[in-house]
Structures are given as structure tokens and as C-alpha cells.
1. Lys and Arg at +1, Asp and Glu at -1: add these up for the other residues within a Cβ distance under 14 Å of residue B:444 and post the number.
2. How would you rank B:579, B:131, going from fewest to most other Cβ atoms within 10 Å of each one's own Cβ?
3. HN-Hα J couplings of the stretch A:270-277 from phi, Karplus 6.51/-1.76/1.60, θ = phi - 60°, integer Hz, Gly and Pro as x?
4. So, with +1 on the Cβ of K and R and -1 on the Cβ of D and E, and no other charges, what is the size of the charge dipole of the stretch A:307-452 about its Cα centre, to the nearest 20 debye?
5. Using a Förster radius of 51 Å, what is the FRET efficiency between residue A:184 and residue A:67 based on their Cβ-Cβ separation? Nearest 0.05, please.
6. Full extension from residue B:357 to residue B:193: what is 0.36 nm times the residue separation minus their Cα-Cα distance, to one decimal in nm?
7. Starting from the 7 Å offset along Cα-to-Cβ, what nm value, one decimal, do you get for the label separation of residue B:434 and residue A:221?
8. Exactly which GluC sites (Glu not before Pro) in the stretch B:479-547 are in a DSSP loop and have at most 14 other Cβ atoms within 10 Å?
Amino acid sequence: MKMNRRNFLRGAGGVAVGLPLLESLLPRRARAGGTTTTPRRFVAFCCCNGVEITRFWPTSPYGALAAGGLTGTALEPLAGHVGKMLVPRGIHTVPRGFGFDPVAGCDHVKGAGHRLTAQQLDSGTLYAMGPSLDQVIAQQLNDGGAPALNLHVGYRYQGTNGVVSYSGANAPAVGENNPWLVYQDLMGLSNLDDLAIQRLTARRESVLDLVEDDFARLKSIDLSQRDREKLDMHLTAIRDLEVGMGEAGLIPCMLPEARVAEIQTLEGANVDADSEYKRIGLMQMDILALALACGANHAATLMWGSEAGGPVFTWDGMNHQYNHHKLSHGNTADDCSGSAVDGYLDMLFDIDRWYATQLAYLLDQLDGYTEGDGTLLDNTSVVWMNNLSDGKAHHFMDMPYVMFGSCGGYFRTGQYIKVTAQENTMNDVDAPHNKLLTTIANACGVTEAGGGPLSIFGDPAYGEPGEFDQIKA
Amino acid sequence: MRTQRMLPRPRGVWATGGGAVARRRARQLALLCCCSGCYQGLGAGADGSASGSADGGDGGESGAVDPYCEGETLPAPMTHFVRLTHGQYDNSVRDLLGVQDHPSDAFLADTAVKGFTNNAEQLVVTDRLARDYRRAAEAIATDLLADAPRLAEVVGCDPAPDAMGCATEFITRFGRRAFRRPLEQTEIDAFVALYGKGAGLYEGGSDFEQGIALVVEGMLQSPSFLYRVELEVPPAGEALVALDGYGIAARLSYMLWNSTPDDTLLDAAEAGELDTPEGIETHARRLLADARAADPVQDFHAQWLRMDRYSNISKDPDLFPDFGGETPASMAAETREFFRNVILEQDGTFADLMTSRTTFVDDALARIYGLQGDFGTTLTQVELDPTTRSGFLTQPGFLAANAYFAESSPIHRGVFVQRQVLCADIPDPPPGVDLQLPPADENIRTTRQRVEQHTSPDQCAPCHSMINAPGYAFEGFDAIGAVRTMDNGEPVDTVASFDNPDGTAMSFTGAVDLIGQLAESDTAKRCYTTQWFRYTAMRPETEVDACTLDGIHTAMLESDYDVQELLVALTQTVSFRFRAAEEGE
């Protein structure tokens, strides 16, 4: 198990040198190693259960994208961002699950566990055997190596189907589905009055001193490697609390008061409920954009629903009777033992378009924060990803990736690009998704431990080294 | 049902030589490396059947004798830091501080290994859990400060004459409860210093009370509270070391109460009463007689039956209009109360769990059972028809959770019997298999016929020859667990038979007959012991545990397989009372 994540992949500088730098009008942040630049960010917008693949892709040929090429597809609600959109086509998941690579797990846990890690799953716990891209970026770019911001919308399954992020092997980072808790963490103590802050800070410091002494005493004993790692893991988790997310960045980590009041009404509410799904999703996206803009974090995941689950959509023109997973199989039962659902493909199409609409909202928020000559979105790589392509067939080929933002000029945006050399994108054996993860890692400035760009992300036994050069500017 | 008796005593004295230990450990590591595979769908398998046999020993140095093991025995390596499970955290703060809600509801959930979520290696503090612990400790301390009567009770002394003296007394006494051992003087000094910093750091309360609150806040975040710390290391050249009395006390109370030891148990540890198997047995029986014993009994069976899935049970409203939103909760409540009652009130046996016709129903369950009368929304004890019902395997929760939306599922029910009850090694279906049964037509009408058709290819036979038959036995129950005689217009057929891996066969006319045979099955009884071992030892069994498990099984056969006796027996083993040397120590 990889316990000491502070050292994992931590480069000397933290930011790759030689990337095109955007001039920033705002004060530049000093970084470890002394390099200064406008920060790069990564956002994984994660959906489950596959898509209605026949109406997903742009209808225009490969090449420059225009709004017209999205008409009638799931991507149509994103037409307003077509200039910053990049659609890489013909990518398959690694390890190739679904009966191809002999690795543990059912199709859904593979889709969940592999997509941001490109690692196989532990056959006992079914958790991924290595860190996810968001955490690797966070470790290198965040102050003190603070972990990524992992958010969830709606009910989350226990175990692999309810998580996409990993701080290391067998170390899932479960998304928080209560926006009020997320916002409190983001604010740190800045929402309390001065006296309350002084009191709480003094208590925490006193308790931390005492607890660290306890740990030091325990660690002075001759322990096995595993037990030493167990204590280190706990200590790291405690110290991550002390890094403090508030007031770290370019703008105050604070939402408008009225919005905060709305979010606070969720305290103690049933955040799992389908009826809150849309409302909470919007709140999470507000907080996510704020966290990136104010410098509190450089990497975030937003997971909608759970693999093999998901809400029953009964809003925005949808009046479904069955949850997303059942519809993905066109069946009234999760185990496909029920009867067929008439018109399920149209329902799935509506769901895909609804998620595209939510994503457009997030992009609007990111585009609303000015950074230098551009916006926060321009310095970010946002990736809409799924665990499957065709949900009914459980396909892992021709995966529906849609990217936004050039990440500081690294990506060729406004393009629809076939990355596999194969004519048939379902035969994309030459385009493993770990190369996409490697490309994004380098776009964000992740470096090898000894410096220089990352050569491969994920398990080399399944993925391939190198980047997808076709999608780079 | 039986009365209490003393346990069978040791029969063999075999000890262990260093060479044999090293060889065995090497073999165990090799096994771990080979262990891989794929499981999905119904979840973790239970391949806990007797495997391997213990070597005969030669020589020996520790003098530790397992009363249930005629061969040498040695505990498998165990972490020195066993984090409290979330349930244990809640129970501990309840017993220490009177906290009645469940702080762990907001904690990051733990993951299951071999079917149980309390695997000692996997219980780590990572990700948000440190934040959750801090948040809980701060809330508990603040709430305590706002509740003056409860605070006074927790403090237990009057600060008026000598606040510092009372604080020191509180730290010494409460610390012993919270850390499950006496505090060292340096620790007392550190907490007295912490107490001194508390004044002015909270909104309400006196300086004294604020100091106490800060001590509580600190203790609840200390590793000495969050982990059961066992620091014993065998002396050089020795394979084993006995746990001290406090370590035994904590193992005992977290096993039999899922909560912190009471003062009586800590006093017993201090007096050396827990240094002998007899002393441990006496206190094990005392703990089992306390209401707190219900928690682990119910939690174990809930995990064994995978009752976490009950809340997700949904049924076709057109076919089962009586199945309401609250019905799954009623099903779970019935089964939990059943296990508590049979084991702790009736002092029941394994066979009683399998065959008792006494159960607990509300209106929703009474309708499924076909009982007449008004039962309301609370559980009432009833006797069921012995010709159709027998023990927990015919309760609606089990039958409905192992069934489809509209139909029964012989495969799910059969897999449960084989994996969980008989500890058979049934792999998951290979990837790419279409799991959907063929639709009924004129020739293939019943669910059983459709399963037979679906699993008829030769490559299905090795597993489905074992799975299908016990599943067919339950075909007299529909998707919500109600008795039925017809399936799709045809009479149900519950007569079946299958071969066990050991060459014996089981044939039965239906569920009641099958369960009656399982109640007497040695394989099922040993499997039940294996499952309890996994839960109470907080780790899967290894090859070195086979001897102990075989020994307990044999002893339990001689005592009717009384479940309380089984739990007491699990406290008597070398594995429970000792730690083994580990690599890297």
C-alpha cells in the first residue's frame, strides 16, 4: 500500500517549466521551488451508467467544431462553450475489463475504479490499486500537498461504486455529498466571529499538540512496517486538516451571503434524496468553482449518483419511473429481471442532455472568474467522463470523453479529434485512456519525482507511456 | 435450550518449535500471494471450510496451550493498533459520556473484507475520517458543556473545594475508562495541562467545566482512544506473548459488547483476574448476560446475512401491493430481534437459529406470514406454522433480499446457502455471462424450469449443481417471502438434492426439510464457527487457525452448539489471549 502520499510523485518544482505562460493581471502565487505562474486546475465531471451513445457525438466531421455540429446530440446544451470544447474520440479504458484483462471486479466497479486511476482493483476490497489523477495533481500543486476536493451529488453506494478518487492504493477518497459540510471546510474558520475563531483555534492547537505527542510516543516503539504506515496515514490525515483551505488564494473563499444561507438550509437535510439532486448539484458546482478560483484547491472531482444506481429523474421535463441504471439497461429492474421500458433510449438521451446542461452551468461559473487575459476555465482542464460508453452493452471502447478549457494553452480546443489510428473507433486498441490521464497531468504541470514531465500515468502493465499529441496545441 | 455449563477443558498439550513456525509462516505468505480472483454480484464468498491441517509440533517455549487445539497453534499476525469500528465508537461515547445519538452516521464508511466490515488491517484513519473524528469530538464536548446535569455525572466529583484536585481525579478515572488502561503519570500531567488551558475557550460553562470539556475533546481524538493499542511484543526468541489484563479486557468488551469495558472489567484486569482462561470465561459470561451483548450478536448476523441490502429491497407494486416503503425496515427489525432473542434470551443453539418457529411481527410482516389479527407497528412475538417456516432462512427479509423485483431467485438463495451457511467455495459467474433468465413459454413455465434451462450448458454444471438445488427448496416462497403453492399456474416443485464436496449428499422435500438437515450438518456448524471467528478476530482465518477452529467445532458438537458457549470458547483460544511475533518488529 502506498501510504506516504506526500512523497508520491512530488517533484522538486511542482510545475513543469516551459509551458506557455499566460500573463496574469492578478498577483502571482509563489510556489514551492520559487517558480511562479498562473495555476492550472483539473476538474473531473463524472457520470455513471454509460450514455445513449448513438446520439452523443458531434455530427460534424473531425476537425474544427461549431455549434451546428452539436445540434440534435447530447452535447447541444454545451454549444455556448463550443470554442473551448475538445472532443477526443476513440479511447478505451485500461485495464480493459469486461472480460478482456483478467482483473478483479464487475463492470461497474471496474468503470468506477479504473477511470481516474488506470489501475487494477484489489481483489479483496475491489478498490483501485493506486492514486487517481486528481489526487496526484493535488499533491503536487496544492499548498502542503492538501488532498483534492472530492464532491458527490445524491446517494452514494458504499464501496467502489460510490467513489472515483483515490489518494493511494486501497485508499478511496469518498466524495462529500453535503454542500454545507463542503462549504464549511472551504471557509475554514472564516465564517466565525473573531472571538469564536480564537477559541476554536486555541482548542485545536492544544489538542493537536497533545495528540501529536501521543503519536510520537507510539512511533518510538519498535513497530512493524504496516503499523508504522497505519500511524503515518492517520497523522497525515490530521495534518491535512491543519493545512487550512481558507484565505489561501487570489480572491476570498466566500460565496454571496444569500447563497450561503440557501446552502446552510441543508444542514441535517436528507442530502441523499433524489428530490434534492438538482438543487445540491448546483450548490456543489458553485462551491467547486469558488474553491478553484480562490486557490483553495487545484483539482476536484464531482461524481453524480453512483455506479449501478442513480436517481429517478422527475424534473426538467423528465418524468421517469425508473432510476438511471435500470433505464441504462432498458429494464424495470436493476438485475434486468423486469420487463422492458418502452422509449428508454429517449429517456437516456434526456438524461445525457440534462447532465450536459449542468456541465454548461459549471463552465459558466468557471468562465465567470477572470484570470489574467482569460478566465479560470482557460487555465483549467474540465473532463466530462463516464464509466461506460454504451450503458446497456457495458462497452468500455469508444469512451465518451468531452473536454473543456485549454489548461493554459496546452490543449487544442474547439476541435473534434480522432485519437485512435483505427478507422472504426470501437476498435481503438491503440488508444488507452491512461494516455489521456498522462496528457492532463502534464498539462497541469505534474512532474516525475526527479523532474521533467510525467512519462506514464497508471499501471504500466495495462496502459501505455506517452501523451495523446493530437489533442495538444 | 440449555443451561449454563463450564466449557470442556484442554485435552492436548502441544507446543511449537521455531523451525515449524518459520516454515508455516512462509507457507502462509505464499498463500496470500496466490490469493486473487474476481467476485461480484452477490458479494464476498465464504470459503471458510476446513483447509489444511496443523503440523505436529516439536519442542516449545511459550507454554501457551490452546484448549481447543490438539496441534500446535500460533495466532496470525495482528496489527498493534485496532481502530474502533464506527459502531464501537458510538457505543463507547454512549457508555463513557451518555451520548445517545450516533456520531458515526456522518463518518466515512469502512469497507468489507470477507463479508465483514471490521477487518483490523483495513480500519485506518484516512481521507476525511480525521476531520470527522475532530468534528465529532468538538460537538460531543460542546454538547456536554451545555448539559450541566450530565456533565456533573460524568465528572463525578465536586470541584467546589478543590477544582484542580477534582479535575485530576476525573482525568485519572475517566482516562482509565476512555483509554481502557490506567494513564501513565506523563499522560495525567499532559491532560491536567490541557485542562488548565480550557478556561475561556468555550462559550458557556464555568472555567472548571470548560477545562473538563477540553480534556474530553482531547481524549476522544487521542490514538489511545481511537485504537485498541496492544503494544506487547514477544521477547527475543519467543513466538508468543500474553496480552496484559487490560488488553484482554478491551478485546473482551469490544468482542461481546462492541463497546468499552466497564469499571468491573478494568478492576478485574487490574486484579489479574483476566490472566487465566478461567477468569476470562467468568467475565465473558458476565458480559453475555448484559443487554449490551445484543449489539455484536445483531451486528454479526446482519453482516453475515448481508442485511445492509435490505433497505434497498424494492418489489413490483402491481404484484405486491402490501409491500410498502417501511416493509424492508420491518423485515430487518424482525431478524435482528430473532437473533437477539434466540441467542441471548433463550440461550439457544445453532439448531435453534435454524429451526425456531418463534418470531416477531408487525402488521406488514403478519400479512406476508398470512397471520390473522391486528399487530400494529411494533413487533409482537408469534408462533409460525411449523410445516412451512423454520428459523431465519424462512424469514421474509432473507427471502425477499434474495429474490428479484417480481420473482423468486433460486440462484441467489442457493448461493447464500452454499457460501454463507456451508462455506462452500462458489466463484462468481465468469465475465460476459448473460445473467437474465429466459422468458417463460408454453414448455418452460416455472422459475425452476427457467433456471434449469438457463444453467443447463455443461460449463455451468460444476457450480450450479450445488447452487440450484438448495435454491429450489425455497421455491415455496415468492419474491417477498410469502408462502405459495403455484408458480405461473404450475405447482411449485421444492424436491431436490445435491452432492457436498466431501462426497455426502443432501436430499430434501423443501425448505423446512433442507433447513432441518442444515441444523444438524457438521459442515454448516463449522462454517458458522468460521464466520464468528472472522468477525470476532477481526481478520479472515489463515491456515494456522484451522487447528483452533477444528478444536472449537469438536468441543461445540459436544455441547449442542450453544451459541453463547461458542462465543465463550472463542475467548479461550491462544489467538484471543496471545500475540505472535511479527516480521519487522
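What follows is calculated from the coordinates using simple rules that are stated; it is not laboratory data. Everything numeric in this text was worked out from a predicted model, so none of it was measured. Positions of Cβ are backbone-derived with ideal geometry, glycine not excepted, and every protein chain shown enters the neighbour counts.
1. Spelling it out: positives minus negatives among the neighbours equals -4.
2. B:131, B:579
3. 7, 6, 6, 6, 4, 5, 9, 4
4. 160
5. 0.80
6. Values: separation 164, 0.36 × 164 = 59.04 nm, distance 5.94 nm.
Between residue B:357 and residue B:193, full extension yields 53.1 nm more.
7. 5.9
8. Numbers: sites: B:520, B:541, B:543; in loops: B:520, B:541.
Counting only loop positions with at most 14 other Cβ atoms within 10 Å, the GluC sites (Glu not before Pro) in the stretch B:479-547 are B:520.
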